[in-house]
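Here is the structure we will look at, set down as structure tokens.
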Amino acid sequence: MLNLNILLLLLCIVILSDAKCRQNHEEDGRNTRRRPLYTDLSYTLSTDTIFFPGAREFSLNKDYDGVNKSGIWYSAFSFCMGEHGGTHVDAPFHFFKQGWTLEQIPSSHLIDVPTAVIDVESVVASSDAPNEFALDVSHLIQHEKEKGEIPPGSVVLVHTGWSKYWPDKIRYLGWNNETQTTDKPHTNFPGIHPNAAKWLADERQIVGVGIDTPSVDLGNSKTFPVHIFLAERQIYNIENVANLHNLIQSSKNSSCELHLFVLPIKIVGATGAPARVLAFCK
């Protein structure tokens, strides 16, 4: 009888230990799910940062750097730059007088918003004139056939592959030897066709559009129809989006939903500002 009792006791210990291990494993899994992996879609700001021609470029000035009179190490800098350089947000006010200024964009349009990445890199690369490519409705419909419908309230990101030229200012802006020497050099790079912007606004009720080029409009545009159309509908833009190829690769074999944090500097009355943009699987 004694041996039987010992065996039963050992069996109970084993069962309890196994249950505890499974509980710890489940808790570890839950903790892991609470900490998503973020993909940073932002370029750093430096003197290498590319700005649209005519904008004030980035400069960093040393205000103090050293040991002060109290013997304490102290360092402080000031910076100066235009609103529309590097990875940045265009507020609707940029192209629409009644549009939201930067600080008026609702947080619900910026924080934890669903996102869809339209990958047209191969289409652009195989085009006879890659810098004249414009995303149109057919590309959006093809994306939905493969990936599912773009949810309302989304930010749609367009991956053209143009980021491969960053930070080569000449190639990224589509300059050539003739245009780069003029006072107002012409730019030439891929963008979004107005019919795609209209379809996204009317059919999918998006809140923002981003692209890995200097502008949502084609680089050679003089009238900026996409900027104007989106601004009039209080839809913001993110330009010079970085690392979309990393985001596509990391989410390729995942069934999760992509979400976005768009974090521009909150400047009152601004038409735009540099932004930290983070994507994650939810």
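The values are calculated or read from the model by the stated rules, or taken from the named source; none is laboratory data. It should be emphasised that the depicted structure is a prediction, and the values quoted were computed from it without experimental measurement. Positions of Cβ are generated from backbone atoms using ideal geometry, with glycine treated the same way; all protein chains shown enter the neighbour counts. Note: accessible area is taken over every heavy atom of the protein model, side chains too, but ligands, DNA and RNA are not part of it. Shrake-Rupley method; radii C 1.70, N 1.55, O 1.52, S 1.80 Å.
Would you check which residues across the range 264-282 are part of a strand (DSSP E or B) and more than 10 Å from the chain's Cα centre (by Cα) and list them? Before the answer, list the steps.
Within the range 264-282, the subset part of a strand (DSSP E or B) is 264, 272-281.
Result: Pro264, Gly272, Ala273, Pro274, Phe280, Cys281.
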Subset of the range 158-181 that is at pLDDT 95 or above and of a type in the set (Ser, Thr, Tyr) - its residue that is surrounded by the fewest Cβ atoms within 10 Å (Cβ to Cβ): Tyr165
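Go over the candidates Asp212, Asp217, Asp202 one by one and state the one that is more than 18 Å from Asp119 (Cα to Cα), charged (D, E, K, R) and either open to solvent by less than 60 Å² (accessible area, probe 1.4 Å) or modelled with pLDDT of 95 or more (or both).
Values: Asp212 fails: more than 18 Å from Asp119 (Cα to Cα); Asp217 fails: more than 18 Å from Asp119 (Cα to Cα).
Checking each option against the conditions leaves just Asp202.
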Test: residue in the range 64-82 that is part of a loop (DSSP other than H, G, I, E, B) and surrounded by 11 or more Cβ atoms within 10 Å (Cβ to Cβ): yes
Single residue of the range 237-267 satisfying the filter (farther than 21 Å from Glu83 by Cα and of a type in the set (Gly, Ala, Ser)) that is most open to solvent (accessible area, probe 1.4 Å): Ser255
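Quick grid of which residues meet (1) of a type in the set (A, V, I, L, M); (2) modelled with pLDDT of 95 or more; (3) not in a loop (DSSP other than H, G, I, E, B):
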site: Thr49; (1), (2), (3): no, yes, no
site: Pro53; (1), (2), (3): no, no, no
site: Phe96; (1), (2), (3): no, yes, no
site: Ser108; (1), (2), (3): no, yes, yes
site: Ala116; (1), (2), (3): yes, yes, yes
site: Ser138; (1), (2), (3): no, yes, yes
site: His143; (1), (2), (3): no, yes, yes
site: Gly153; (1), (2), (3): no, yes, no
site: Val156; (1), (2), (3): yes, yes, yes
When residues of the range 182-198 are limited to those that are in a helix (DSSP H, G or I) and open to solvent by less than 50 Å² (accessible area, probe 1.4 Å), the one farthest from His84 (Cα to Cα): Ala196
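For the structure I just gave you, tell me whether Val226 is touching an Asp or Glu at 6+ places or on another chain (Cβ under 8 Å), buried (at least 23 other Cβ atoms within 10 Å of the Cβ), within 21 Å of Val156 (Cβ to Cβ) and free of Cβ contacts under 8 Å to residues at least 40 places away in the same chain.
On the way: touching an Asp or Glu at 6+ places or on another chain (Cβ under 8 Å): yes; buried (at least 23 other Cβ atoms within 10 Å of the Cβ): yes; within 21 Å of Val156 (Cβ to Cβ): yes; free of Cβ contacts under 8 Å to residues at least 40 places away in the same chain: yes.
So Val226 fits the description; yes.
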